[in-house]
Amino acid sequence: MSLDISPQLLAEAENGAVREEDFVETVRTSLPYAYDLIARLASELRSNTAEFADNQTPPPSEKERGQLLRALSSDAIRGSLERHFGIALAFQNCHRVAAFHLEARGGETHTRFTSLTSQILNQSPEFRDC
């Protein structure tokens, strides 16, 4: 299971009125590695003049890699994290996630990062089973 859903959040969902801040809190506590990594990237992006901030360090274990993959493969989780931190996320391989300013989505640097060429150039045999 990806998320540890509280009875309160389940009740919100059953009533059709989930508060996004409650959902993000569930993501934070259920997928702490992924949440903390994205929070760090968002902070780095805001604190410097680079066009994006990215992670190139593999997770310490398969548990953390699984958290990152679950967070980024779910449209609901990924979208909530993007809105929460005010960023656009891009993902290339098992751990290379990048945070962009919202207005950079679709721009030259973002397009280059998410291109087929970049995807191919950022592959490695050790990523085959991740």
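Listed values, structure above:
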| read-out | value |
| --- | --- |
| Some residue of the stretch 99-109 being among the basic types (Lys, Arg), modelled with pLDDT of 90 or more and out of contact with any Phe, Trp or Tyr (no Cβ under 6 Å at 6 or more places or on another chain) | no |
| Options LEU41, LEU37, LEU68: the member that is open to solvent by less than 20 Å² (accessible area, probe 1.4 Å), within 21 Å of HIS110 (Cα to Cα) and touching a residue at least 60 places away in the same chain (Cβ under 8 Å) | LEU37 |
| Test set (1) under 23 Å from LEU3 (Cα atoms); (2) assigned to a helix (DSSP H, G or I); (3) open to solvent by less than 30 Å² (accessible area, probe 1.4 Å) - ASN93 fails condition number | (2) |
| Extreme residue, modelled with the lowest pLDDT, among residues of the stretch 110-130 that are among the polar types (S, T, N, Q) and part of a helix (DSSP H, G or I) | GLN119 |
| Hits in the stretch 51-65 - residues which are surrounded by 13 or more Cβ atoms within 10 Å (Cβ to Cβ) and outside any helix (DSSP H, G or I) | GLU51, PHE52, ALA53, ASP54, ASN55, PRO58, PRO59 |
| Among (1) open to solvent by 60 Å² or more (accessible area, probe 1.4 Å); (2) closer than 25 Å to SER2 by Cβ; (3) of a type outside the set (Asp, Glu) - the single one ILE120 does not satisfy | (2) |
| Members of the stretch 16-34 that are in contact (Cβ under 8 Å) with a residue 60 or more places away in the chain and open to solvent by less than 60 Å² (accessible area, probe 1.4 Å) | VAL24 |
| Residue check, ALA13 outside any loop (DSSP other than H, G, I, E, B), of a type in the set (A, V, I, L, M) and either closer than 27 Å to THR114 by Cβ or open to solvent by 60 Å² or more (accessible area, probe 1.4 Å) (or both) | no |
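Each row is one residue, and each column tells you yes or no for (1) farther than 12 Å from ARG96 by Cβ; (2) of a type in the set (Lys, Arg).
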position	(1), (2)
THR57	no, no
PRO60	yes, no
ARG78	yes, yes
HIS84	yes, no
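The values are calculated or read from the model by the stated rules, or taken from the named source; none is laboratory data. None of these values were measured; they are calculated from a predicted model. Glycine also receives a Cβ, built like all others from the backbone with ideal geometry; neighbour counts cover every protein chain displayed. The area values use the complete protein model at the heavy-atom level, side chains included, leaving out ligands, DNA and RNA. Shrake-Rupley method; radii C 1.70, N 1.55, O 1.52, S 1.80 Å.
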